[in-house]
Amino acid sequence: MELAALEKALPDHQIRPISLDDVPAIVDLVARLTTVVLGEPDGTEAEVRDDLTGPNFDLSADTFIAVAPDGRVTAYGQGYDERDGSGWIDVSI
């Protein structure tokens, strides 16, 4: 995943591929977003970890996370090429 555009848009953030150590922070971000949109948090660490460890999924190539100077995750994304002509992308800000 090309990260240069994100680095330019968020110059004060650390932009990097996701590691499995980031799962709790990703769940926290998703909970903040879904609470605003749905009225309650949605998503679990197990669900996020499952998404990030699927077959043919490469954390270093298929993901990004944006970490603010205060350490809070403000965005993350993952994309996946099904290698059959289809794919998906998921981004939370």
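Along the range 28-41 the Karplus relation, 6.51 cos²θ - 1.76 cosθ + 1.60 evaluated at θ = phi - 60°, assigns HN-Hα couplings of 4, 4, 4, 4, 4, 5, 6, 5, 5, 7, 9, x, 7, x Hz to successive residues, with x for each Gly and Pro. With 5 Å bins beginning at zero, the pair-distance distribution over Cα atoms of the range 29-70 amounts to 5, 18, 18, 21, 22, 11, 4 %. Please state the shape class of the range 1-76: rounded when a/c is under 1.5, otherwise prolate if a/b exceeds b/c and oblate if not, all from the C-alpha gyration tensor. Oblate, since a/c reaches 1.5 and b/c is not below a/b. Proximity of backbone amide H atoms, modeled 1.01 Å from N, is registered between I18 and T63, F64, I65 at under 5 Å, excluding neighbours fewer than 5 places apart on the same chain. Taking the average, over residues, of other Cβ atoms within 10 Å as the packing measure, peptides 12-18, 39-45 rank 12-18, 39-45 from highest down.
The numbers here are math on the coordinates, done by the rules we state, and not lab data. Predicted model only: the values in this text are computed from it and were never measured. As a convention, Cβ positions derive from the backbone with ideal geometry for all residues, glycine included, and neighbour counts pool all protein chains shown.
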